[in-house]
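Asks: Please find one structure pasted underneath; my questions will follow.
The values are calculated or read from the model by the stated rules, or taken from the named source; none is laboratory data. Predicted, not measured: the structure shown is a model, and the values here were computed from it. Note that each Cβ is placed from the backbone with ideal geometry, even for glycine, and that neighbours are counted across all protein chains shown.
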Amino acid sequence: MSRLLRASALAGATIPLVHPAFAATSRPISPGDTAWMLVCTALVLLMTIPGLALFYAGMVRKKNVLATMMQSFAICALISVVWMLAGYSLAFGNGNGWIGDASRLFLNGLGADWNKAFVLGAGTAVAQPTAIPESVFVMFQMAFAVITPAVVTGAFADRMKFSALMIFMILWSLLVYAPIAHWVWAPTGWLARLGVADFAGGTVVEINAGVSGLVCALVLGRRLGFGTENMAPWNLAYAVTGGALLWVGWLGFNSGGAMGANARAGMAVLATQLAAAGATLTWSGAEWLLRGKPSVLGAISGAVAGLVAITPAAGFVLPGPALAIGLIAGLVCFYAATELKPRLRYDDSLDAFGVHGVGGMVGMLLTGVFAFGPLSAGAADPAGATGGLHLLGVQAVAVAATIVWSAVGTYVALKIAGVLVGLRVSREEEREGLDIALHGEQVL
């Protein structure tokens with residue numbers, strides 16, 4: 001369910017997506033809510049640059065460090081522009097159940113009511129008012145549109161052409177990300193109308209990025225020397241620094257789903273912290289038990305697994321279930337990254353699928369089990385989203401739909417990029433390293 005539509009910006013009372021809870025007229029802009037959403041926006045952007053850039057760069061080999069950081073940095077710039085030109089309109093225009101419309105191409109019309117509170121879905125039966133200006137909403141959603149494709153790059157680290165990356169990411173943002181964002185977070189989206197509970201992106205961000213990453217890894221093939229050469233991380237200090245920035249940034253990533261400074265945002269922060277802590281402990285504990293030592297790489301991977309899993313649940317669950325989600329996610333993602341991947345021999349370089357894809361699925365399904373109704377209850381839906389067989393079924397439909405669309409759309413985007421410029425660097429360039437081969441620079 002849309003992060004926007006999950007809470008009243010005035011008092012923390014929640015609004016179900018499938019019912020119009022208020023008249024579709026603007027409220028006054030709330031300075032407190034606007035300030036909070038600006039902070040959350042900055043925290044989410046911080047997750048990509050420098051957070052994800054450092055996290056991924058620390059886990060590749062030295063010859064590919066700069067190229068890996070460049071991917072996150074370039075995507076931040078590229079997708080910001082794509083979002084302004086077309087992505088926002090396709091994701092949040094009223095459109096129909098499957099896609100938005102052209103009403104906000106180039107952010108057309110944003111200046112008309114720039115100083116008034118934004119109404120999402122204005123003119124429809126499910127229009128929902130907010131207490132923030134549309135510019136803030138656009139920017140907050142832009143930060144999500146930026147980090148999602150950046151996560152995908154972890155699956156094909158060390159081997160994609162930079163030109164192919166840029167073309168692929170434009171296509172992927174428009175063909176894959178924007179439609180799924182519309183399904184789940186726009187009030188007219190078909191999954192939103194179905195009643196899906198996805199507070200901050202279990203489908204739109206996590207499963208989408210993980211499945212897309214897996215498709216990329218399979219289409220591009222394994223790295224040269226995979227399984228025979230030492231591909232240990234170059235600088236785990238970079239990875240820990242990036243992981244720490246992700247953890248802190250994720251507090252804004254999830255709590256911003258409340259669209260205001262309210263009680264639900266506070267609960268989302270607490271749930272996020274507990275899930276990350278729980279997953280860190282279970283991943284490290286499993287590694288300690290099975291391999292004799294808890295590794296630093298395992299600890300930061302576990303933290304991200306917990307953060308991923310709590311993403312859809314953050315505004316729906318109480319602290320106890322949040323901790324349980326983290327504990328379970330740590331174990332499941334540990335298995336996916338350290339046992340399943342070696343057995344199936346796919347080269348998901350930095351475990352985009354094993355952590356984000358699998359963790360997102362765990363979180364979405366467990367939201368269907370643990371959702372606490374009062375957190376999302378409102379005037380039009382006094383019960384709120386409550387865990388049980390019905391909600392679990394809706395969550396499963398959302399997971400399946402995201403997997404299928406993400407896989408097919410990613411494959412199509414890759415094939416188009418491949419026809420235009422080719423996807424993979426040459427064997428010689430891969431041996432030399434992407435830093436020198438693609439950017440003419442290197443870390444000394």
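Asks: Cβ-Cβ below 7 Å, separation at least six or inter-chain, first residue in the stretch 254-268 and in contact (Cβ under 8 Å) with a residue 60 or more places away in the chain and closer than 16 Å to residue 201 by Cα, second outside any helix (DSSP H, G or I) and polar (S, T, N, Q): which pairs?
Replies: 254/311; 259/130
Asks: Next up: Where in the stretch 22-90 are the helices (runs of 4 or more DSSP H), entirely inside, with at least 3 residues that are surrounded by 21 or more Cβ atoms within 10 Å (Cβ to Cβ) and more than 16 Å from the chain's Cα centre (by Cα)? First the steps, then the outcome.
Replies: Working: elements: 31-46, 53-57, 65-82.
Hits in the stretch 22-90: 31-46, 65-82.
Asks: Return yes or no: is residue 402 closer than 19 Å to residue 203 by Cα, more than 21 Å from the chain's Cα centre (by Cα) and hydroxyl-bearing (Ser, Thr, Tyr)?
Replies: Considered against the rule, which asks whether it is closer than 19 Å to residue 203 by Cα, more than 21 Å from the chain's Cα centre (by Cα) and hydroxyl-bearing (Ser, Thr, Tyr), residue 402 comes out as no.
Asks: Here's a follow-up. Collect the residues in the stretch 202-250 that are at pLDDT below 95 and either farther than 24 Å from residue 347 by Cα or small (Gly, Ala, Ser) (or both), keeping them in residue-number order.
Replies: Matches in the stretch 202-250: 225, 227, 232.
Asks: Follow-up. Looking only at the stretch 401-429, how many residues end up being in a helix (DSSP H, G or I) and touching a strand residue (DSSP E or B) at 6+ places or on another chain (Cβ under 8 Å)?
Replies: 0
Asks: Then there's this: Which members of the stretch 285-331 meet the condition of being touching a residue at least 60 places away in the same chain (Cβ under 8 Å), more than 18 Å from residue 199 (Cα to Cα) and within 18 Å of the chain's Cα centre (by Cα)?
Replies: 300, 303
Asks: Being within 27 Å of residue 158 (Cα to Cα), part of a loop (DSSP other than H, G, I, E, B) and not charged (D, E, K, R) is true for just one of 307, 340, 350. Which residue is that?
Replies: 350
Asks: A further question follows. Does any residue of the stretch 365-380 turn out to be crowded, with 20+ Cβ neighbours inside 10 Å, within 19 Å of residue 169 (Cα to Cα) and polar (S, T, N, Q)?
Replies: No, the conditions are met nowhere in the stretch 365-380.
Asks: Need the failing condition index for residue 443 against (1) surrounded by fewer than 18 Cβ atoms within 10 Å (Cβ to Cβ); (2) in a helix (DSSP H, G or I), just the number.
Replies: Residue 443 satisfies all of (1) surrounded by fewer than 18 Cβ atoms within 10 Å (Cβ to Cβ); (2) in a helix (DSSP H, G or I) except (2).
Asks: Okay, moving on. I'd like the full set of residues that are crowded, with 19+ Cβ neighbours inside 10 Å and not basic (Lys, Arg), limited to the stretch 100-113.
Replies: Matches in the stretch 100-113: 100 only.
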